[in-house]
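Asker: This is the structure, below, for whatever I ask next.
All of the numbers you see were taken from the coordinates with simple rules; none came from a lab. Keep in mind that this is a model prediction, so the values were computed, not measured. Glycine gets a Cβ as well: all are built from the backbone with ideal geometry, and neighbour counts include every protein chain shown.
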Amino acid sequence: MNGTGRECGRGGSALPAKAHPLISALMFSAGLLGNLLALGLLLHGRRGPRQRPPSLFHVLVLALVVTDLLGTCSVSPFVLASYHRNHTLTALVQGGHICLYFGFAMSFFGLATMLILFTMALERCLALGQPYFYERFLSPRTGLVALPAIYTFSAAFCSLPLLGFGRYVQYCPGTWCFIQMHLDSHQNRGGRGAAGLNVTFSLLYATLLLFLILAVLLCNLSVIVNLARMHRRAQRTRRVATLEQPRAASGCGRRMFSMAEEIDHLLLLSIMTITFVICSLPFTIRAYMNKFITEEGEHEWDLLALRFLSINSIVDPWVFAILRPPVLRFLRSVLCCQVTPALPDRRTPCPAKTKLAAQLGPCEP
C-alpha cells in the first residue's frame, strides 16, 4: 500500500516528455473560479431585510458548493506542483504519502458531493410527496445533522484502502492517484487474492455511485409526477376561482408561487443530475470492465474516466452560477408552453392570474 501501481509504469520518477500541465491548470482555474462565483452568489442572495430564512434545499446547495471548492483546492495544487518539479506524485515525497492522500481526497470529495446531490433530490421528493412529514420533521437544521453524517460516512468508506481493503495507485502520466481498478499482474505481495481484493473495492465504489445515480433519478421522477399533480390541481383551482374570486384569489396565488419555486428547484436539480450521470458513468463502466481486463495499455481510458469524475465538481458551481432567476424564468416559460393546455373558458380569469404570469412566465399567444 505504498501508493504506486502498474497504471503508470514502474521505472523513473520523472513525468513523461509529452505530459503538459495545460489541461490540469485550466481545470483548476475553472473549478476555483466557478466555486468562488457560486459561493459569492449564494451569500449575496441571502442579504437584505426581506430575505426569507434559508430553506433546507438552499443549505444543501451551499454545502455542495463548499464541498466542491474544498475538493478542488485539496488536490489540484499537488498536480501543478508535480508538473512544476517534473516529478510524479509518488516521487514528490518519499514513501508515496502524497499519492495516498491524493487518492483518498479524490474518492472522499467525489463521494461526498454525490451523496449531497442525492440528499437534495430526496429532500425535494419528500417536500412534494410527503408534505406533512416534511413540515413536521425536516427543517434547515436537518442539514446540520445530515451533512456531518455524509462526511463521516464518506471518510470511513474511503479509508478502507488505507486499512488494507482496496488500494490507491498512481495513474499515468504520474499526476493522478485513485482507487486501483486493474488486476495487477506485477503485484506479488499478498498474491492474486490480495490483488483481487483491491479491485473489489473499486467495484464496491462504482456500485455505490451507480446506486446513487438510480436513486437520484427516481427521486427526480417522483418530483416530476408530484409537480404534474400540482399543475392539475392549479388548473382546477383557477376554474373554481372564477366563481369565488375574493376568497380563492389568495390561495390561487400561493399555489402559483409554490409551483414556480418547485419548478426552479427541479430544473437546477435535474441539470446537476445530468452532469452527475455524465461524469460518473465512465468511471463506473471502467471499474466493471477492468474487473475482467488484465491487459496493459488501458490506462488512457482510465485517465479519461478519472478526468470525467473530477469534472463534476467543476461543472456543478457553473450550473448554479448560470441558472440565475432570469434564466430559470425563461426555462419555466418554455416548459409551460409545452405542458399548459388552453383553457376552454376564458370569460372570467382567476384574479391571481397576473401573479401566475409573473411567477411561471407563460408563453405569449
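Asker: Mean projection of the alpha-carbon convex hull of the stretch 31-143 over all orientations, in nm²?
Answerer: 9.1
Asker: Something else now. Output ³J(HN,Hα) for the stretch 32-39: one whole-Hz value per residue in order, computed from phi by the Karplus curve 6.51 cos²θ - 1.76 cosθ + 1.60 with θ = phi - 60°, and x for Gly and Pro.
Answerer: Residue by residue, the stretch 32-39 yields 5, 5, x, 5, 5, 5, 5, 5 Hz.
Asker: Kindly rank 308-321, 165-178 from highest to lowest mean number of other beta carbons found within 10 Å of each residue.
Answerer: Taking the mean over residues of other Cβ atoms within 10 Å, the ranking is 165-178, 308-321.
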